Structure formats: structure tokens, C-alpha cells
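*Asks:* Below: one structure in C-alpha cells.
The values are calculated or read from the model by the stated rules, or taken from the named source; none is laboratory data. All values derive from a computational prediction rather than experimental measurement. We work out accessible area using only protein heavy atoms, side chains counted, and drop any ligands, DNA or RNA first. Shrake-Rupley method; radii C 1.70, N 1.55, O 1.52, S 1.80 Å.
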Amino acid sequence: MAKAEAGQSKVKVNTSSVGELKTACDTGLKELLKERGYEEMHTHTDVKLILGYVGIIFCAIDFVYSWKYPFSQTKWFSYISVSVYALTSGLALIYSYAVQRDTFFVGYNKAKGHVVSAGSRAKSNDPTYRLTLTTRPIRGSQDPPVYNSRPLELKQRFVAWFHEDGEFARPQFNSDIEAALETLLTKKTD
């Protein structure tokens with residue numbers, strides 16, 4: 001998908017694939033936020049990894065226990081480990097749908113004292129990128145500034161950010177996203 005030329009990374013995608021277009025925009029937004037001093041928080045990934053590790057650990061203990069003793073003595077633990085694995089997998093799935101949703105980036109900027117979350121959607125038959133940006137103060141910061149508490153939604157057709165040959169128009173994308181971020185981070189005057 002990405003093609004490097006003369007030290008500069010150019011992104012080219014198949015313009016018929018909404019998934020590739022969305023992924024290129026998501027990656028471009030992540031890069032822009034990191035350039036602006038945001039450090040990515042991996043809370044969503046950490047929660048799902050912990051749930052997965054708990055299920056795997058139970059299954060590994062069951063494997064070792066079953067290796068050492070006959071099945072008739074270990075079947076009760078097999079029932080428990082399979083149940084724990086199913087439960088943790090289900091919890092990870094529920095967490096993905098109920099908490100994480102479309103969020104692909106959560107980052108904080110200590111100097112500015114806030115956290116920005118970005119989520120996106122694109123339907124397979126509609127070439128429109130739907131970006132939702134939210135912000136909140138960093139927990140525990142002293143006298144946090146008051147930011148616009150409502151999420152900012154940006155809808156843009158992919159043709160505005162990609163050339164006909166599929167090359168990502170990073171300057172146009174960055175200027176549109178910068179304008180959206182400035183709107184989001186403007187202090188409330190109400």
C-alpha cells in the first residue's frame with residue numbers, strides 16, 4: 001500500500017477500495033497527531049490483551065494438568081478453563097463493540113493538558129470518510145482548560161484527499177484535519 005520514493009513516503013491506494021482509503025486516512029491522522037506532540041495511549045489494546053492472556057493462561061494450565069493426570073481427574077478443570085476462555089473472549093468482544101467502538105487513536109499531550117480520541121467509519125458503498133474527534137482534560141491535571149465537550153464530526157468524500165491515481169494528498173488532508181482540531185480545541189465561550 002505504501003510506496004517510498006527518494007526518502008519521502010508516498011501513500012498510494014486502490015481508489016476502488018473503501019477499506020484501503022479509510023486505512024490510509026486513519027494512518028495519516030495518527031501521523032499528524034504524533035507530529036503535533038500527541039503520545040498514543042494503548043488502553044484499549046491493553047485491556048483486550050489482558051483478557052486474552054487470562055484465557056490463554058487458564059488453557060495452558062489445563063494443558064499441563066491434563067498432560068500429567070488422566071482426563072477423568074482433570075475434566076473439571078477443563079470445564080473451568082474452557083468457560084474462562086469463552087468468558088474472556090466474550091468480554092473482549094463486548095469491550096470492542098461497547099467501549100472502543102470505531103476509536104483507532106487515543107493520544108494525550110501533556111503540554112496542552114488534554115486527551116484527543118479519533119474514531120472513523122466508512123461504508124463499503126459510500127466513499128465518505130466519517131471522522132469523530134473528541135477531547136477531554138488529562139485526569140489529575142491542575143485547573144484543566146475547558147474544551148468543547150461535544151464530539152466534532154467531519155464528513156469528507158475520499159476524492160478530496162486522493163488523486164486519481166490513488167496517491168494520498170497529505171497537504172490537503174492535513175489542512176482539513178488541522179482546521180477540525182482547532183475547532184475542537186477552541187475553548188467554550190458559552
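*Asks:* Could you rank V64, V18, V54 by how accessible they are, 1.4 Å probe, largest area first?
*Replies:* In descending accessible area the options line up as V64, V54, V18.
*Asks:* Can you list the HN-Hα couplings for region 97-107, worked out from phi with the Karplus curve (6.51, -1.76, 1.60; θ = phi - 60°), rounded to whole Hz and with x for Gly and Pro?
*Replies:* Ordered by residue, 3J(HN,Hα) equals 7, 8, 9, 6, 6, 8, 5, 10, 8, 10, x Hz.
*Asks:* For C25, C59, what's the largest-to-smallest order of accessible area, 1.4 Å probe?
*Replies:* C59, C25
*Asks:* At a threshold of 8 angstrom on Cα-Cα distance, excluding pairs fewer than six apart, so keeping six or more, what relative contact order does the chain reach in percent?
*Replies:* Normalised by residue count, the contact order of the chain is 21 percent.
*Asks:* Give me the 1.4 Å probe accessible area per residue for the chain, excluding ligands and nucleic acids, in Å².
*Replies:* Accessible area per residue: 63 Å².
*Asks:* Could you compute Rg(Cα) / (2.2 N^0.38 Å) for region 78-118, with N its residue count?
*Replies:* Cα Rg divided by the expected 2.2 N^0.38 Å: 1.80.
*Asks:* Report in % the part of the accessible area of region 26-124 that belongs to carbon and sulfur, leaving out ligands and nucleic acids; probe 1.4 Å.
*Replies:* Carbon and sulfur together cover 66 percent of it.
*Asks:* Let me ask something else about it. I need the Debye-formula profile for the chain: one equal scatterer per C-alpha, no solvent, reported as log10 I(q)/I(0) at q = 0.20 1/Å, two decimals.
*Replies:* The Debye formula, applied to the Cα set alone, gives -1.33.
*Asks:* Which angle between 0 and 90 degrees, to the nearest 10, do you get for helix 170-185 versus the longest principal axis of the chain when only C-alpha atoms count?
*Replies:* 80
*Asks:* Would you list W67, W76, W161 from the most to the least accessible area, probe 1.4 Å?
*Replies:* Correct descending sequence by accessible area is W67, W76, W161.
*Asks:* Taking the Cα atoms only, what angle lies between the long axis of helix 71-95 and the longest principal axis of the chain, rounded to 10 degrees?
*Replies:* Helix 71-95 sits roughly 10 degrees off the main axis of the chain.
*Asks:* Tell me the mean residue ellipticity at 222 nm calculated for the chain from its helices only (DSSP H runs of n ≥ 4, each -39500 (n - 2.57), averaged over every residue, nearest 500).
*Replies:* Taking each H run of at least 4 residues, the total per residue is -15500 deg cm²/dmol.
*Asks:* Taking the 0 to 90 degree range and rounding to the nearest ten, how far is the long axis of helix 43-68 tilted relative to the main principal axis of the chain, both from C-alpha atoms?
*Replies:* Orientation of helix 43-68: about 20 degrees from the principal axis.
*Asks:* Okay, next question. I need the Kirkwood Rh of region 44-103: take the reciprocal of the average 1/r across all distinct C-alpha pairs and report it in angstrom.
*Replies:* For region 44-103, the Kirkwood estimate is 12.3 Å.
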